[in-house]
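Please read the structure below before turning to the comments.
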Amino acid sequence: MHRRAYVVLFIAVFVSTLGVGFIGPLLPLYARDLGAHGLALGMIFAGFSAARFFVTPVFGRLSDHWGRRRFLATGLALYAVASLAYLAAKTTGQLIVVRSLHGATGGMVIPIAQAYIGDMSPEGREGSYMGAFMVSLFTAFGIGPLLGGPLADRFGMSAPFYVMGLLSAIACLLTIVMLPELGLHHERAKKRAPVSAIIKEPLVVAFFLFRSISAFGRGLIVPFLPFVAESRGASLSMIGLLLATYIILAGLLQIPFGRLADRMSKPLLMSISVLGSAGVLVAIPFCRTVESLFALQIAAGVASAVGFPAGLAVATRCGRRFHAMGTSMGLFNTGMSVGLIVGPLAGGFAEGIFGLDFVFQGGSLVVVAGFIVFLLAMRKAERAGSLAWLGDGGR
């Protein structure tokens, strides 16, 4: 049953995320055609994550109490509806609303799928299980832009949105028909820690900060890198390939770095990842060719892959410790939402006042500042004895 659940979740997440990846390189340009610039563009991207910020911890906790499959299937169905709603948007304000609704549905998909995998992962192999599973997410996001750009070039800007809706509907049907419910929410009900105790745990704060910092950097690259690439002469298809380079490489490296996370210090791998992200950001304005941007995207993919399985392994250990896997994964993904809210908004504000280069240079300083706070949270977790939960000696 576990093997079937793993395969079904992998396929469902891959198919649904593939559709979302279709519109990645197109949405900034689509929004610009509706009149979005600067802060308005940032609000469109931040709206997705803002909505997800509010719903993710709620649905994660509810899935701990009521089971995971019903929320996952509902989220995928609403994904399909939201995909078509993009085409009905005629103004920047309407696009912000649609994007926010789409984000709200996302709070019922990825975090709950991760919680399901966390429930099944054996102790000591959380990094391997999560790393292998996240290949579905990363590679789908990467392949999506590769297909979305050419699809828009050939059939028009609306085609990727229709295909995204179709793929989400297919993933929903697959989940309803083939995904079993583990039933662990009944077994763990009496042992489950209250939310107040979970959010006060220093190790939970640390992985939340890690995810926020990492997402902040990505929240600057996705909406603003296409404009840098366009100014260097890149076509729509080339922009899609540029964004895909990072995400596909990060996805393919999830498996080896997931195994590494089971053997090495998870805090160390997370630290290397954050510092690598800061280095990529500060270097972007100095790239004068499309080829140099590709080189940086390769570096960004490696940096992401180093820390992401380790962060998920920490979240899995915390979820198991508190008998609240959905809550833990909800918080991990809420951290992502925070970064993806602040990143585009801060980037839009900075671009409007200081110019496009400062978006990335100033962003690198924010990442370094966040890293310092992350280290302080880890130090507090060490004093509290929580690092012993990680099984790596807290190295």
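The values are calculated or read from the model by the stated rules, or taken from the named source; none is laboratory data. Since we're looking at a predicted model, the values are computed, not measured. Note that we place each Cβ from the backbone using ideal geometry, even for glycine, and neighbour counts take in every protein chain shown.
Screening the candidates Leu41, Leu87, Leu72, Leu62 for the property of being more than 24 Å from Val195 (Cα to Cα), within 21 Å of the chain's Cα centre (by Cα) and touching a residue at least 60 places away in the same chain (Cβ under 8 Å) yields one hit, Leu41. How many residues does the range 275-309 contain that are in contact (Cβ under 8 Å) with a residue 12 or more places away in the chain and either under 18 Å from Phe207 (Cβ atoms) or hydroxyl-bearing (Ser, Thr, Tyr) (or both)? Number of matching residues: 11. For the range 118-149, taking the residues that are hydrophobic (A, V, I, L, M, F, W, C) and within 19 Å of Leu26 (Cβ to Cβ), the one that is surrounded by the fewest Cβ atoms within 10 Å (Cβ to Cβ) is identified as Leu147.
In the range 320-335, the residues that are in a helix (DSSP H, G or I) form Cβ pairs under 6 Å with partners that are of a type in the set (Lys, Arg) and surrounded by 24 or more Cβ atoms within 10 Å (Cβ to Cβ), at six or more places apart or across chains, as follows: Phe332/Arg211; Gly335/Arg211.
Any residue that is free of Cβ contacts under 8 Å to residues at least 24 places away in the same chain and surrounded by fewer than 22 Cβ atoms within 10 Å (Cβ to Cβ) - is there at least one of those in the range 237-251? Taking every residue of the range 237-251 in turn, none turns out to be free of Cβ contacts under 8 Å to residues at least 24 places away in the same chain and surrounded by fewer than 22 Cβ atoms within 10 Å (Cβ to Cβ). Among the residues that make up the range 54-63, is at least one of them surrounded by fewer than 22 Cβ atoms within 10 Å (Cβ to Cβ) and of a type in the set (Gly, Ala, Ser)? Within the range 54-63, not a single residue is surrounded by fewer than 22 Cβ atoms within 10 Å (Cβ to Cβ) and of a type in the set (Gly, Ala, Ser). Checking each residue in the range 338-382 for being within 30 Å of Glu123 (Cβ to Cβ) and free of Cβ contacts under 8 Å to residues at least 60 places away in the same chain picks out Leu376, Arg379, Glu382. Taking the range 16-122 and the helices (runs of 4 or more DSSP H) fully enclosed by it, the elements with 2 or more residues that are touching a Gly at 6+ places or on another chain (Cβ under 7 Å) are at 39-66, 69-85, 92-106, 110-120.
Applying the criterion of being in contact with a Phe, Trp or Tyr (Cβ under 8 Å, 6 or more places away or on another chain) and among the small types (Gly, Ala, Ser) to the residues of the range 128-140, the residue that is modelled with the highest pLDDT is Gly131. In the set Ala299, Ala305, Ala310, only one residue is surrounded by fewer than 24 Cβ atoms within 10 Å (Cβ to Cβ) and assigned to a helix (DSSP H, G or I); that residue is Ala299.
Would a scan of the range 82-96 turn up a residue that is among the basic types (Lys, Arg) and either under 21 Å from Arg211 (Cβ atoms) or surrounded by 24 or more Cβ atoms within 10 Å (Cβ to Cβ) (or both)? No, the range 82-96 contains no residue that is among the basic types (Lys, Arg) and either under 21 Å from Arg211 (Cβ atoms) or surrounded by 24 or more Cβ atoms within 10 Å (Cβ to Cβ) (or both). Considered as a group, the residues in the range 150-168 that are of a type outside the set (A, V, I, L, M) and under 21 Å from the mean Cα position of the chain (by Cα) include one that is surrounded by the most Cβ atoms within 10 Å (Cβ to Cβ), and that residue is Pro160. Exactly one residue out of Ile255, Ile272 is under 22 Å from the mean Cα position of the chain (by Cα), without any contact (Cβ under 8 Å) to a residue 40 or more places away in the chain and surrounded by fewer than 22 Cβ atoms within 10 Å (Cβ to Cβ): that is Ile272.
Counting only helices (runs of 4 or more DSSP H) wholly contained in the range 130-225, the ones carrying 2 or more residues that are of a type in the set (A, V, I, L, M, F, W, C) occupy 159-178, 195-200.
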